[in-house]
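The values are calculated or read from the model by the stated rules, or taken from the named source; none is laboratory data. The model shown is predicted, which means the values in this text are computed figures rather than measured ones. As a convention, Cβ positions derive from the backbone with ideal geometry for all residues, glycine included, and neighbour counts pool all protein chains shown. Side chains are part of the model used for accessible areas, which takes the heavy atoms of the whole protein and leaves out ligands, DNA and RNA. Shrake-Rupley method; radii C 1.70, N 1.55, O 1.52, S 1.80 Å.
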Amino acid sequence: MKAVVITSPGGPEVLQLKEVDDPQIKDDEVLVRVLATALNRADTLQRMGRYDPPKGDSLYPGLECSGTIEAVGKSVSRWKIGDQVCALVDGGGYAEKVAVPAGQVLPVPPGVSLQDAAAFPEVACTVWSTIFMMSHLSKRETLLIHGGSSAIGTFAIQLATYLGVKVFVTAGSEEKLAACKNLGASVCINYKTEDFVARVKEETGGKGVDVILDSIGGSYLQRNIDSLNFDGRLFIIGFMGGIKTDINLAGLLARRLTVQAAGLRNRSRDNKALIVSEVEKNVWPAIVAGKIKPVVYKCFPLAEAAEAHRLMESSKHIGKILLVAP
């Protein structure tokens, strides 16, 4: 098969489509012939040599895919050859075929094309496992999403709005803010021209929001703390603004705040299977009902992975960038 190989750590140019051996499936895995895969920030970090895959996982980038099952392991009962699926993969999505643990496979939601279904697994599992399973975001609460126009942001806006949460977002352009508003965000803040802490306080009568989903990290930590209501929860999923900062801890104590952080890739297969099961139970009905739609900015052929990475790193996109296999 063909797969996108990281020839050496570096810029997008190190991504090359090469002929490689087909993956071999284990008894509890399925083999998926990939139609599409989606880019994630983790892929760009892996390409630069800053995010190695866990031991035993595929060395090729790509953490989600959609396609058709070509083979099933001996202990797999739910899935059969020919099923159209999407999946959270442990690596190797940038390829024509990928081996996937059966517990990380999802049916393609009715009404969603097989290609667009590749946009869902990583964002759905990330959003549900963090602000819902761990931070217990609930109806009538308020949520602030940093990077509202990102793939995770555009999904989180739709899901939280569907579940009765008032959504605040930050983004860096009026075009991106407009896209967030169209997806259901109630308060849209341009972080380049506004102080998001002041705006959050203004919109909440001085209270702050209940939950924050943050991919920035260090440079936003104090301002995030200042933006939270009593019993507020901050969930950190990325460090685009650095990993170190000084903060005043007094607000944590005074307002009973919780700060959490987690990734998805390094979780055990059992934990990923649990998350996927919860996503199918709690999120898939909203997609089937048309309340959450895939937000796909652009599709590239698998051979143009380097161009796709350049677009992602420019941050000009809104939603997902897909790679489509030949």
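Would you tally the residues in region 292-313 being within 15 Å of PRO12 (Cα to Cα) and either modelled with pLDDT under 95 or open to solvent by less than 50 Å² (accessible area, probe 1.4 Å) (or both)?
Looking only at that region, the number is 8.
Does ASP231 count as loosely packed, with under 15 Cβ neighbours inside 10 Å, out of contact with any His (no Cβ under 8 Å at 6 or more places or on another chain), in contact (Cβ under 8 Å) with a residue 24 or more places away in the chain and within 22 Å of TRP128 (Cα to Cα)?
Numbers: loosely packed, with under 15 Cβ neighbours inside 10 Å: yes; out of contact with any His (no Cβ under 8 Å at 6 or more places or on another chain): yes; in contact (Cβ under 8 Å) with a residue 24 or more places away in the chain: yes; within 22 Å of TRP128 (Cα to Cα): yes.
Yes: the conditions hold for ASP231.
So if I check each of CYS188, CYS180, which one is farther than 20 Å from GLN222 by Cβ and either surrounded by fewer than 24 Cβ atoms within 10 Å (Cβ to Cβ) or touching a Pro at 6+ places or on another chain (Cβ under 7 Å) (or both)?
None of the others qualify; the one that does is CYS188.
Specify which of the listed residues (ILE212, ILE237) is at pLDDT 95 or above, closer than 22 Å to MET133 by Cα, touching a helix residue (DSSP H, G or I) at 6+ places or on another chain (Cβ under 7 Å) and open to solvent by 30 Å² or more (accessible area, probe 1.4 Å). Step through it out loud before you land on a result.
On the way: ILE212 fails: open to solvent by 30 Å² or more (accessible area, probe 1.4 Å).
Only one candidate qualifies: ILE237.
Please list, ordered by first then second residue, the pairs with beta carbon atoms under 7 Å, 6 or more apart or interchain, first in region 249-262 and open to solvent by 60 Å² or more (accessible area, probe 1.4 Å), second among the acidic types (Asp, Glu).
Every condition considered, the pairs that remain are ARG256/ASP231.
On the given criteria, is ILE243 buried (at least 20 other Cβ atoms within 10 Å of the Cβ) and β-branched (Val, Ile, Thr)? I'd like the intermediate steps shown before the answer.
Details: buried (at least 20 other Cβ atoms within 10 Å of the Cβ): no; β-branched (Val, Ile, Thr): yes.
No, not satisfied.
For region 220-231, state whether one or more residues are in a loop (DSSP other than H, G, I, E, B), of a type in the set (Gly, Ala, Ser) and under 22 Å from the mean Cα position of the chain (by Cα). Outline the logic, then answer.
Start the filter on region 220-231 by keeping residues that are in a loop (DSSP other than H, G, I, E, B), which leaves 227.
Next cut, of a type in the set (Gly, Ala, Ser) only: 227.
With under 22 Å from the mean Cα position of the chain (by Cα) added as a condition, the list becomes none.
No, the conditions are met nowhere in region 220-231.
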